[in-house]
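The values are calculated or read from the model by the stated rules, or taken from the named source; none is laboratory data. Everything numeric here is computed off the predicted structure, so don't read it as measured data. Cβ sites come from the backbone with ideal geometry, for glycine too, and all protein chains shown count toward neighbours.
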Amino acid sequence: MQHRGSPDSVRDLLVAAVPAAVENAEPVATLPGEELLAAELNTDAPMWAVVLAGGIGSRFWPLSTPDRPKQVLTLIGERPLIAETVARLAPLIPPERVLVLTSRDIASAIHAAIPEVPETNMLVEPRPLGTAAALAWGADEIVRRAGPEAIFCCLHADLAVAFPEFFRHALIRAARVAAREKALVTVGIRATRPETGFGYIRPGAPLQGGSIDDGAPCRVKSFIEKPGPVLAEMLIGDGAFWNAGIFVWRARDVLGALAEYTSELAHGLQALGERDYVRFAGMIQSVSIERGLLERCTNLVVVPGDFGWDDVGTWASLRRARELDDAGNGAHGQAYFVESTGNVVHAEGVPVVLYGVSGMLVVSLAGLTFVTTLDRATELKPLLDALPEEIRNVEGVGPGRG
């Protein structure tokens, strides 16, 4: 069922002309080759990016805390997740054209991890808004700075990418489709297992001949967010793609689609256009991009991507994103595995030894050691609800580690 939000007048307000103060600002310098890309996309401005970086990341307890949110943890590389995200966008999208949407409680920690991003590009939510509202805010800000025709990618801060060059190439392909078709474009990854925490994309007809198997962009038949295991298996058999959490579109098009389909935002869009963000936050309902927009809209296109993607959503995902030994063990810190397979260890300060076990998670920090199976580590809320506060927030687990 389609959900229609606010009237055309609100949509027109959102894509109104850029304020004079922004129009007269000095343009951000472009890197070699970006002018050619801009010409191919039929737009006056190079690409921008909106990075969604809200939330602490409780699924990575005890490593993630309010002082050290998930986005600043070095879970898959040598840099914090948010720093990896910003770095892999360059040189296609330099830090000056990256907007970061985050929450007030973690904004300082986030910006400290990415000092190359201007402080004026940190958009701090008055309260947790949900990703659809965060997207609307980011798109509205890009309209002010670069105009309604500007194309931008929207992505989460906690994605793993093995091949950054292929990732940027996928963004360019998606941007060309978004410019030509005036469509909302999502990057899809071929689904290989029935993950119930992912969104699934059912591809339809290719846009201009070719085949989805050959990488051709296709119209989307339907978008299904977080299906149950039986439906997920059926979708895989039907050739579905995972939603990679990477979207590309013109600012004008996505603001218009939010106004049309995302009724949870309807009452606050005028306040957003007037830059009254506190009023905007007080007038909208929290909803995700996936539920509030992608499951409802009709002008959605999928561009297949193949760049070593994974969602760093749980401890179990690190077995796919980290470098593993010959027995399938992944470790951060000093860890020794003897007759052990398929384990994940995060050790800070002291060595960890695993002997004769499989599928285990061990997190060893100053002040606390956490042990469970990787299967049980996918959802930690029941555990956290059962723990006393002094254990959930144990002294010694805090900033400066990881």
### Task
List the helices (runs of 4 or more DSSP H) that sit entirely inside segment 309-402 and contain at least 2 residues that are closer than 22 Å to Leu159 by Cα and under 27 Å from the mean Cα position of the chain (by Cα).
318-321
### Query
In segment 286-304, is there at least one residue being within 24 Å of the chain's Cα centre (by Cα), assigned by TED's automatic domain parsing to the domain that holds Leu258 and over 27 Å from Thr192 (Cα atoms)?
yes
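Residues checked against (1) in contact with a Leu (Cβ under 7 Å, 6 or more places away or on another chain); (2) crowded, with 18+ Cβ neighbours inside 10 Å:
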| position | (1), (2) |
| --- | --- |
| Leu235 | no, yes |
| Asp238 | no, no |
| Gly282 | no, no |
| Asn299 | yes, no |
### Task
Any residue in segment 222-235 that's closer than 11 Å to Gly199 by Cα: show its pairings with residues that are hydrophobic (A, V, I, L, M, F, W, C) and part of a helix (DSSP H, G or I) at Cβ separation under 6 Å, as long as the two are six or more apart or on different chains.
Phe223/Leu294
### Query
Is it true that Leu324 is buried (at least 20 other Cβ atoms within 10 Å of the Cβ) and among the hydrophobic types (A, V, I, L, M, F, W, C)?
no
## Note on the structure
Residues of segment 69-83 being assigned to a helix (DSSP H, G or I) and of a type in the set (S, T, N, Q), in sequence order, are Gln71
### Message
Just to be sure before I move on: is Ala160 over 25 Å from Glu264 (Cβ atoms), outside any helix (DSSP H, G or I), at pLDDT below 95 and not basic (Lys, Arg) in the structure I sent?
### Response
yes
### Query
What number of residues within segment 207-240 satisfy the criterion of being assigned to a strand (DSSP E or B) and within 29 Å of Thr378 (Cβ to Cβ)?
6
### Query
Of all residues in segment 275-295, which are under 18 Å from Val124 (Cβ atoms) and of a type outside the set (A, V, I, L, M, F, W, C)?
Arg275, Asp276, Tyr277, Arg279, Gly282, Ser286
### Query
Just checking, which of Glu225, Glu181 is outside the structural domain of Thr378 (by TED's automatic domain parsing) and either within 20 Å of Ala136 (Cα to Cα) or touching a helix residue (DSSP H, G or I) at 6+ places or on another chain (Cβ under 9 Å) (or both)?
Glu225
### Message
With the requirement that a residue be of a type outside the set (Gly, Ala, Ser) and part of a helix (DSSP H, G or I), what does segment 166-206 give you?
### Response
Phe166, Phe167, Arg168, His169, Leu171, Ile172, Arg173, Arg176, Val177, Arg180, Glu181
### Message
under 30 Å from Gln270 (Cα atoms) and either free of Cβ contacts under 8 Å to residues at least 24 places away in the same chain or not hydrophobic (A, V, I, L, M, F, W, C) (or both): is that true of Glu84 in this structure?
### Response
no
### Message
Here is a check on your reading of the model: is Pro69 more than 30 Å from Trp315 (Cα to Cα) and modelled with pLDDT of 80 or more?
### Response
no
#### Entry: Only one of Leu365, Leu380 that is of a type in the set (A, V, I, L, M), surrounded by 15 or more Cβ atoms within 10 Å (Cβ to Cβ) and touching a helix residue (DSSP H, G or I) at 6+ places or on another chain (Cβ under 9 Å)
Leu380
